[in-house]
Amino acid sequence: MAIVGQILFALVAIAAIGFFAWKVGRIRSNILLGKDVEINDRKAERWKKMALVAMGQKKMFKRPIPALLHLAVYLGFIIINIEILEIILDGLLGSHRLLFPLLGGIYPVFISFLEFLALGVLVSCIIFLIRRYGLAIKRFHAREMTAWPRLDATIILISEILLMVFFLTMNGADLTLQRHGVTGYTQTGLFFFSQALMPLLDGLPTGQLIFLERFCWWAHIIGIFAFLCYVPFSKHFHIFISFPNTYYSRLEPQGKMKNMPEIAKEVQLMMNPEAGADAPAPDDHPAFGAKDISQLNWKHLMDAYSCTECGRCTDVCPANITGKKLSPRKIMMDTRDRTEEVGIARNKGIKPGEDGKTLLHDYITQEELLACTNCQACVEACPVSIDPLSIITELRRSLIMEEAKSPNEWNIMFGNIENNGAPWAFPQSDRLKWSEGVMKE
């Protein structure tokens, strides 16, 4: 490769990697808009969970066929990066097939293995496209799957198909040039899948073959750099952030709810007023729950950026199934969109909360929050351990305790719990009256 090509390649690589790093930094600062929370306990258990759920795809295999297709794309994406390393080094050094002298006879076996993965990615993405647009799968066509989420998924699938086509065609043209003995094309031996393209390419003149090989080489690596820049703007960012998100995910039993310290303190004072007689008065009224992203914590916001928009949470939500407005997937998408909006406003000098909008009401409505049954189905279904219920709970606490917007039926239940120790309108002294006749018999 001429020195001009090497310089051009280096500039493109630096620009793409630099842009990716800049955008990831912005996302990190957006996540830190949330309140601080300390999560550093039970590290061995956290590493094990990340290995099983994020790396091992454990929860994906509840649905075996999509899981196998997703595994093919996942492994292909991870392992083919080894070939990308060779391409980058070739681009910077002006070499061709740099790893061949190091691997010798193993090299064609190695490239054939990568081609096997590439073919798996190609076939899986085509099937995913057919499933998304050819089959009436409800979760792909929910109301929150508007123009951009659908376009995003399509861009990702088509990009991966094109990248694999360029990769296999590049190898096929390379093998044909090797057969013709063209200078600069090392005799590596045949690759298992791309050799099938040789009969189609064998009749092309040498100049056209070199152009095709070079075009696919540049298209493949430029496509990868472009994809790298696109990923932080896409739901596909989960391929990076799902690992830390799983590591920091909840380890306690899912049904266990955390007390609110502010409320617990009030109850303790109510039960024992003398304990707080000497306590100083608080400076500010504590906020109950969360109304906007700055009142959620950073793990909530990391959850939002980890969402793959697969819709498995909404698919099992009993409220959604029975026709109610709640969709846990939309809760996560709204939280991410609001975080992005606040992050952009912050970069313009507008502090969180000063833009006149809030996550509660402007993005997520009262009707959605009240429809949740706290059943935990969405949490259990998520393949990367996202917890939509935790955000719903925080927003609902704000709605009820700050704005007093709870349904009258709930207010009656709250009163019964406070007065009778149970949701029902019967005093504790009458609780066993139903059994009096039974006991006599």
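Structural remarks
- Applying a DSSP loop filter and a limit of 12 other Cβ atoms within 10 Å to the trypsin sites (Lys or Arg not before Pro) in region 233-341 leaves 256, 258.
- Take every pair of alpha-carbon atoms less than 8 Å apart whose residues are at least six positions apart; their mean separation over the length of the chain yields a relative contact order of 20 percent.
- Here the extension length gained between residue 265 and residue 12 equals 85.3 nm, from 0.36 nm per residue of separation less the Cα-Cα distance.
- Loop-resident GluC sites (Glu not before Pro) (DSSP state other than H, G, I, E or B) in region 1-88 with no more than 14 further Cβ atoms inside 10 Å of their Cβ: 38.
- Residue 248 exposes around 70 Å² of accessible area when a 1.4 Å probe is run over every protein chain in place.
- Surface composition of region 195-265: carbon and sulfur make up 69 percent of the accessible area, probe 1.4 Å.
- Residue of 220, 70, 180 that the Gaussian network model of the chain assigns the largest fluctuation, springs spanning Cα pairs under 10 Å: 180
- Solvent-accessible area, 1.4 Å probe, carbon plus sulfur percent, for region 274-418: 53
- Listed residues 430, 90, 202, most fluctuating in the chain (Gaussian network, C-alpha, under 10 Å): 430
- Classification of region 164-220 by its C-alpha gyration tensor yields a rounded form. The axis ratio a/c (a ≥ b ≥ c) stays under 1.5.
- Distance violations [Cα-Cα > 26 Å] among 23/299; 49/265; 58/138: 49/265
- Modelled this way, with points 7 Å down the Cα-to-C-beta line, the labels at residue 424 and residue 215 are 7.8 nm from one another.
- Loop-located GluC sites (Glu not before Pro) in region 355-405, at most 11 other Cβ atoms within 10 Å (DSSP): none
- Length gained on full extension, residue 82 to residue 61: 4.9 nm, using 0.36 nm per residue less the C-alpha separation.
- In nm, spacing of pseudo-spin labels at residue 141 and residue 376 (7 Å Cα→C-beta vector): 3.4
- Gaussian network model of the chain, springs between alpha carbon atoms under 10 Å - residue of 178, 187, 268 with greatest fluctuation: 268
- The residues of region 301-408 have, on average, 37 Å² of accessible surface per residue, using a 1.4 Å probe with all protein chains present.
- Calculated Rg and Dmax of the Cα atoms in Å (choose from (1) 21.6, 66; (2) 25.3, 81; (3) 28.4, 103), label: (3)
- Against the main long axis of the alpha-carbon atoms of the chain, helix 408-420 sits at an angle near 60°.
- Model label sites at residue 148 and residue 192, defined 7 Å from Cα along the beta-carbon direction, differ in position by 4.2 nm.
The values are calculated or read from the model by the stated rules, or taken from the named source; none is laboratory data. Computed from a predicted model, the values in this text were never measured in an experiment. All Cβ positions, glycine included, derive from the backbone under ideal geometry; neighbour counts span all protein chains shown. Surface areas here come from the heavy atoms of the whole protein model, side chains and all, with no ligands, DNA or RNA. Shrake-Rupley method; radii C 1.70, N 1.55, O 1.52, S 1.80 Å.
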